[in-house]
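Here the structure is laid out as structure tokens; the discussion comes afterwards.
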Amino acid sequence: LTDYHYRVVAQYLINFDFCSLFSLCVCEMPILDLLLGMRKDDPVETMRKFKDALDKLTSGEHCKHAIHASEKYAQKIKRGLMQVDQNNQKWLDCLCEEANFNVLFDAIFKVDSECRRAVTGVLLFLLQSRENSNIVTILDSSDNYTMRLVEVYTMRPDLAVSCGPILRLLMSHNSLTSKIVTKDNMITLLNCMSSDAFDAASDAFETVRVLH
């Protein structure tokens, strides 16, 4: 369950609004999710629903519902990936596919802060997993990935604390470090260090420190 659902359930309990609580459980939360998360989510189906929510979020269609749905499925993806059982491999195989990885990567720039934290956690987990060679190959196939991560320092400073840890983790791979350490990228990072946006400036400083 997402933090949103816990907050709503708590509010209904405080107000003794059991009719609304029952309606929420039936309409918005799969009943087995309430039973201690015993249901095993299918990685392919969960990713499809997450992508659908992102598409609606981008188009502005059912915006409020799309925000809740994107957060819900991002949490499901994170929960599935963190499972310590045979199902974990299914999640790894699914999320390491280029199309699914790109959906997760693009989501960083589209979703709200709550959902972004879950997506960032998933990407960091994938990059640190023992089977991350496919992820590195995907990231190495285009300069666009590292360029977008660096650009947030000036274009979207509010995303720096999400993109910075990913960017620094990429530096553990020589082929990706060479894509990060370019003249334009270094100028962007150095300029951001004197930015009025404290979080972005601090993160840029940490990134430059790791590079050195």
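Do the conditions hold for residue 78, that is, is it part of a loop (DSSP other than H, G, I, E, B), open to solvent by 50 Å² or more (accessible area, probe 1.4 Å) and within 20 Å of residue 159 (Cα to Cα)?
Numbers: part of a loop (DSSP other than H, G, I, E, B): no; open to solvent by 50 Å² or more (accessible area, probe 1.4 Å): yes; within 20 Å of residue 159 (Cα to Cα): yes.
When the stated conditions are applied, residue 78 does not pass them.
Report yes if residue 150 is open to solvent by less than 40 Å² (accessible area, probe 1.4 Å) and assigned to a loop (DSSP other than H, G, I, E, B), otherwise no.
no
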Condition broken by residue 99, with the remaining ones in (1) open to solvent by 60 Å² or more (accessible area, probe 1.4 Å); (2) within 16 Å of residue 207 (Cα to Cα); (3) hydrophobic (A, V, I, L, M, F, W, C) satisfied: (2)
If a residue has to be open to solvent by less than 70 Å² (accessible area, probe 1.4 Å) and over 15 Å from residue 167 (Cα atoms) to count, how many in the range 113-131 make the cut? 6
Taking the range 146-199 and keeping only residues that are over 22 Å from residue 118 (Cβ atoms), hydrophobic (A, V, I, L, M, F, W, C) and in contact (Cβ under 8 Å) with a residue 40 or more places away in the chain, one is left with 171, 176, 197
I'm told residue 191 meets every condition in (1) closer than 23 Å to residue 101 by Cβ; (2) at pLDDT 90 or above; (3) open to solvent by 60 Å² or more (accessible area, probe 1.4 Å) except one. Can you identify the failing condition by its number? (1)
Can you pull out the residues in the range 154-170 that are closer than 25 Å to residue 138 by Cα and exposed (fewer than 15 other Cβ atoms within 10 Å of the Cβ)? 155
Looking at the range 131-151 only, could you name the residues that are aliphatic (A, V, I, L, M) and over 17 Å from residue 181 (Cβ atoms)? 135, 138
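Quick one: in the range 92-112, which of the residues that are aliphatic (A, V, I, L, M) and assigned to a helix (DSSP H, G or I) is farthest from residue 160 (Cα to Cα)?
Restricting attention to the range 92-112, the residues satisfying the condition of being aliphatic (A, V, I, L, M) are 92, 95, 99, 103-104, 107-108, 111.
Now narrow it down to the ones that are assigned to a helix (DSSP H, G or I): 92, 95, 99, 103-104, 107.
Details: 92: 26, 95: 23, 99: 24, 103: 19, 104: 17, 107: 14 Å.
Among them, the one singled out is 92.
The values are calculated or read from the model by the stated rules, or taken from the named source; none is laboratory data. Computed from a predicted model, the values in this text were never measured in an experiment. Backbone-built Cβ (ideal geometry, glycine too); neighbour counts: all protein chains shown. Accessible surface is based on the protein model in full, side chains and every heavy atom, while ligands, DNA and RNA are left aside. Shrake-Rupley method; radii C 1.70, N 1.55, O 1.52, S 1.80 Å.
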